[in-house]
1. Would you work out the relative contact order for region 58-129, in percent, from Cα pairs under 8 angstrom that are 6 or more residues apart?
2. Over the chain, what relative contact order in percent results from Cα pairs under 8 Å that are six or more residues apart?
3. Could you please tell me the mean projected area of the C-alpha convex hull for the chain, averaged over all directions and given in square nanometres to one decimal?
4. So if a site counts as exposed when it's one of the trypsin sites (Lys or Arg not before Pro), its DSSP state isn't H, G, I, E or B, and it has at most 14 other Cβ atoms within 10 Å, what's the longest stretch of the chain without one?
5. Using Cα springs under 10 Å in a Gaussian network model of the chain, which residue among Ala58, Ala42, Ala17 shows the largest mean-square fluctuation?
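Just so it is clear, none of the values below were taken in a lab; they were calculated from the coordinates. Everything numeric in this text was worked out from a predicted model, so none of it was measured. As a convention, Cβ positions derive from the backbone with ideal geometry for all residues, glycine included, and neighbour counts pool all protein chains shown.
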Amino acid sequence: MSKLYSNEEVRQILHRASILKQDGYVSREELLEIAAEVGVSAETLQQAEQACLNQRDAMQKQAVLMSRRRFGFKLHLIPYVFVSLFLVLLNLSTTPRYFWSVYPILGWGLGVTIHGACVYRSWNTTATP
């Protein structure tokens, strides 16, 4: 009498088998053989494989997008810091009694803060796949 496995058990068994394999990779032929042994049709396997590949591609695209967003934020932050320092020095050298440089620093700082929050938090308006 053969033992019956649930879908979750099949997934766990296949996952452990792929980990136990020395090189860590399973060829397409081996994958087809394993699927046939557990009763998964070639069409179902192909659909699952395509879904997995699509998910991997989407995750790679998301990682590239986040990298670009972080780079864009750094391009916004660096000039803000240097211009703010310049404004404070200019303020202190020309009118030390009136600290006017705080106004442009706070205004621009609000934009930098919102930019950083949008990049590093999940407030993005783009849909994640």
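1. After rounding, I find 43 percent.
2. So the answer I get is 21 percent.
3. 13.0 nm²
4. 22-96
5. Ala17
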